[in-house]
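Asker: This is the structure I want to talk about, given as structure tokens.
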Amino acid sequence: MYTSLQAIAQESKNITTVEDPVEYVLPGITQTQVNEAAGMTFAAGLRAILRQDPDIIMLGEIRDHETAETAVRAALTGHLVLTTLHTNDAAGAIPRLRDIGPDPGLISDALLGVVAQRLVRRVCPHCTESYKPTEADLKVLGLRRENANPLEWSKGKGCSQCFHSGYLGREALIELLDVDDMIRQIIHDGSMTQLNRYLNEIAYDSFRMAAIEKVTHGALQLAGFLHFLAESGFAR
């Protein structure tokens with residue numbers, strides 16, 4: 001969220017945040033700390049900053065109906081609103097908003113996109129060695145050998161730097177759901193089954209696609225990919 005704000009920050013833009021807590025102080029951005037004991041909740045803070053004519057608003061988290069309602073209506077009145085939700089993946093943000101938020105018709109008009117991220121173990125750069133994928137490996141990923149970039153696959157042998165685990169540090173997997181006209185229609189009057197079917201048809205930038213990209217470029221080994229799937233509950 002902070003990186004996104006810094007990427008779009010300009011002197012001509014009035015950027016205001018409501019956070020709990022303020023973790024980093026950003027130059028040129030007005031940051032507000034939530035204080036629920038004093039009545040300064042996310043919803044109250046958002047209502048207050050809307051009177052300051054902000055261009056861009058960042059809400060640390062949407063936790064309840066009142067905050068979701070205010071955030072969606074702020075987005076519909078010409079403000080760019082960035083916020084977070086606790087979900088398993090990008091698509092999960094839609095039923096979560098529908099559950100706690102306003103009318104689905106308002107959500108479909110306000111939502112521009114959803115970014116989700118997970119961290120996975122990175123191959124240790126000190127003991128990395130090339131790895132030739134087997135046919136079983138390619139089958140797991142659903143790839144043909146000519147499309148799998150087999151010369152770039154790697155795995156960690158294990159060394160003192162990584163405590164002989166073969167992994168050192170973490171790598172981000174990014175999932176992006178770009179809300180198009182069909183997704184807006186599904187948000188308004190569809191179901192999660194329809195949404196998942198449509199996302200599979202368009203081959204969107206899912207966690208699985210991001211992980212395959214990391215495996216085929218040597219940043220993530222196949223064992224780490226399988227561990228991520230099992231840990232996340234993604235059987236597919």
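Asker: Give me the extension gain from residue 8 to residue 40: residue separation times 0.36 nm, minus the current Cα-Cα distance, reported in nm with one decimal.
Answerer: Answer, rounded to one decimal: 8.8 nm.
Asker: Follow-up question, since we're still on this one. I'd like the projected area of region 136-236, averaged over all directions, using the convex hull of its alpha carbons. Report it in nm² with one decimal.
Answerer: 7.8
Asker: Sticking with this structure for a sec: Between residue 182 and residue 134, what is the spin-label point distance in nm, taking each point 7 Å from the Cα along the Cα→C-beta axis?
Answerer: About 3.7 nm, to one decimal.
Asker: Also, I was wondering about something else. Can you tell me the mean projection area, over all orientations, of the convex hull of region 34-120's alpha carbons? Units nm², please.
Answerer: The number I arrive at for region 34-120 is 6.3 nm².
Asker: In nm, what is the difference between 0.36 nm times the number of residues separating residue 202 and residue 217 and their Cα-Cα distance?
Answerer: Full extension from residue 202 to residue 217 adds 3.1 nm.
Asker: A follow-up question, please. Bin by bin, in steps of 5 Å, what percent of the Cα pairs in the chain do you find, going until the bin that has the longest distance?
Answerer: All Cα pairs considered, the percentages come to 1, 6, 12, 14, 14, 13, 12, 10, 8, 6, 3, 1, 0.
Asker: Positive end of the dipole of the chain, charges at C-beta (+1 Lys, Arg; -1 Asp, Glu), about the Cα centre: which of 211, 114, 71 has its Cα farthest in that direction?
Answerer: Checking the options against the dipole of the chain, the answer is 211.
Asker: Oh, and also: Region 41-73: which GluC sites (Glu not before Pro) are DSSP loop and have at most 16 other beta-carbon atoms within 10 angstrom?
Answerer: 61
Asker: Same structure again: Nothing charged except the Cβ atoms of Lys and Arg (+1) and of Asp and Glu (-1): what's the magnitude of the dipole of region 177-236 about its Cα centre? Round to the nearest 20 debye.
Answerer: For region 177-236, the charge dipole is close to 260 debye.
Asker: Would you be so kind as to identify which of 173, 82, 149 lies farthest towards the positive end of the dipole of the chain, taking Lys and Arg as +1 and Asp and Glu as -1 on Cβ and the Cα centre as origin?
Answerer: Of the listed residues, the answer is 149.
Asker: What does the charge dipole of region 137-236 about its Cα centre add up to, to the nearest 20 debye, if the Cβ of each Lys and Arg holds +1 and the Cβ of each Asp and Glu holds -1?
Answerer: 540
Asker: Fully extended, how many nm does the chain gain between residue 147 and residue 55 (0.36 nm per residue separation, minus their Cα-Cα distance)?
Answerer: 28.7 nm
All of the numbers you see were taken from the coordinates with simple rules; none came from a lab. Note that the structure is a prediction, hence the values are computed from the model and not measured. Neighbour counts run over all protein chains shown; Cβ positions are idealised from the backbone, glycine included.
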